[in-house]
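I have placed the structure first, in the form of structure tokens, so that the comments after it can refer back to it.
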Amino acid sequence: MEVVRLVRLLEGSQRAVVFTGAGVSTESGIPDFRSSQGLWRDIDPMKVASIGALREDPEAFYAFYRRRLGMLEAVKPNRAHEVIALLEERGYVRAVITQNVDGLHQKAGSRRVLELHGSLRKTVCLDCEGEFGGELLAGEGVPECPRCGGVLKPGVVLFGEPLPNDVLEEAYELSRQADLHIVLGSSLVVSPANTLPQVTLANGGSLAIVNLEETPLDLYADVLIRARLGETMDALAREMGL
Ligand code: APR
Ligand code: ZN
């Protein structure tokens, strides 16, 4: 029933945006962060996923990070990614604003993807600030800058780092213009990403949330679906004849 209401909202909107978090990739086999199976269940992110942790102990940082990178190697987009790409292709959605760095939206065919937290396709040198490809993350130990030998950082936003300004600005603009903001698979607890759906609400737009667990914006949602994203997005695609 709620899926049909989401379809009606989508069909009636002109400038919808999709906002995704780790929950959209769990059915591809990538654990999320804060649900009962999440990565941060028994690990303090500040100790393993912050810029301070990387500077202080690059070995320990990469010992943790390589496990995460290993999980990302063989993964494929799932049905939720596919349907999101179809919604963009058919003109129902203008862009995907994602907190994820797994690149699965692009693999599924999404074209306008705003990566708020960066991506693993790049690396950056902590010393000379040179930018290089993500392939330098392959292998063992601490990746070194090909130019100065400094420690390379994955091209993702670590805790304690600012988000890429240009991407954030574009995400705010899209959220301001949006008449519908569809949140898929995010706990909405990390800022400033979690302010984007609120910008749409503040400008009179509608909010839809599909998430297995509660979020701080649930009470503002015009449509709230507490279900798995794969089956929900599949049902939506069938209802819309995508
Ligand atoms: N279907 C629907 N919801 C799901 C599914 C699924 N298959 N799998 C997980 N979820 C929900 C969980 O219940 C959880 O509320 O997705 C949400 C994911 O929330 P988080 O794990 O907090 O992930 P996210 O919101 O993306 O975290 C934001 O935190 O650690 C940082 O940089 C990291 O980008 C990440 C940011
Ligand atoms: Zn360097």
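Would you point out the residue of the range 46-62, among those that are among the small types (Gly, Ala, Ser) and buried (at least 19 other Cβ atoms within 10 Å of the Cβ), that is modelled with the highest pLDDT?
Filtering first and then ranking leaves Ala53.
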Options Glu173, Glu131, Glu169: the member that is open to solvent by 40 Å² or more (accessible area, probe 1.4 Å) and in contact with a Lys or Arg (Cβ under 8 Å, 6 or more places away or on another chain): Glu131
Mind checking which residues of the range 130-152 are free of Cβ contacts under 8 Å to residues at least 24 places away in the same chain, within 14 Å of ligand 2 (Cβ to nearest atom), among the small types (Gly, Ala, Ser) and within 19 Å of Asp57 (Cα to Cα)? Gly149
Can you tell me how many residues within the range 15-29 are out of contact with any strand residue (DSSP E or B) (no Cβ under 9 Å at 6 or more places or on another chain) and in a loop (DSSP other than H, G, I, E, B)? 2
Any residue at all in the range 39-50 that's touching a strand residue (DSSP E or B) at 6+ places or on another chain (Cβ under 9 Å) and closer than 27 Å to Glu88 by Cβ? no
Among the residues that make up the range 31-42, is at least one of them away from ligand 2 (no atom under 16 Å from the Cβ), among the aliphatic types (A, V, I, L, M), modelled with pLDDT of 90 or more and under 28 Å from Arg111 (Cα atoms)? no
Matching residues, the range 143-172, being over 22 Å from the mean Cα position of the chain (by Cα) and in a loop (DSSP other than H, G, I, E, B): Pro143, Cys145, Pro146, Arg147, Cys148, Gly149, Gly150
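Let's see how each residue does on (1) closer than 22 Å to Ala85 by Cα; (2) within 16 Å of ligand 2 (Cβ to nearest atom):
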{"position": "Pro154", "(1), (2)": "no, yes"}
{"position": "Tyr172", "(1), (2)": "yes, no"}
{"position": "Gln177", "(1), (2)": "yes, no"}
{"position": "Val183", "(1), (2)": "yes, no"}
{"position": "Ser206", "(1), (2)": "yes, no"}
{"position": "Asp218", "(1), (2)": "no, no"}
{"position": "Ala221", "(1), (2)": "no, no"}
{"position": "Gly230", "(1), (2)": "yes, no"}
{"position": "Met233", "(1), (2)": "yes, no"}
Are any residues in the range 187-206 crowded, with 20+ Cβ neighbours inside 10 Å, within 11 Å of ligand 1 (Cβ to nearest atom) and in a loop (DSSP other than H, G, I, E, B), and if so, which ones? Ser187, Leu188
Here are Arg68, Arg79, Arg34: which of them is surrounded by 16 or more Cβ atoms within 10 Å (Cβ to Cβ) and touching a Gly at 6+ places or on another chain (Cβ under 8 Å)? Arg79
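Being open to solvent by 20 Å² or more (accessible area, probe 1.4 Å) and touching a Lys or Arg at 6+ places or on another chain (Cβ under 9 Å) is the filter here, so list the residues in the range 116-126 that pass it.
Within the range 116-126, the subset open to solvent by 20 Å² or more (accessible area, probe 1.4 Å) is 117, 120-122, 124, 126.
Result: Val124, Leu126.
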Could you tell me whether the range 37-45 includes any residue that is open to solvent by 30 Å² or more (accessible area, probe 1.4 Å), within 15 Å of ligand 1 (Cβ to nearest atom) and within 27 Å of Gly150 (Cβ to Cβ)? yes
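The values are calculated or read from the model by the stated rules, or taken from the named source; none is laboratory data. Worth saying up front: this structure is predicted, and the values here are computed from it rather than measured. We place every Cβ from the backbone using ideal geometry, glycine too, and count neighbours over all the protein chains shown. We work out accessible area using only protein heavy atoms, side chains counted, and drop any ligands, DNA or RNA first. Shrake-Rupley method; radii C 1.70, N 1.55, O 1.52, S 1.80 Å.
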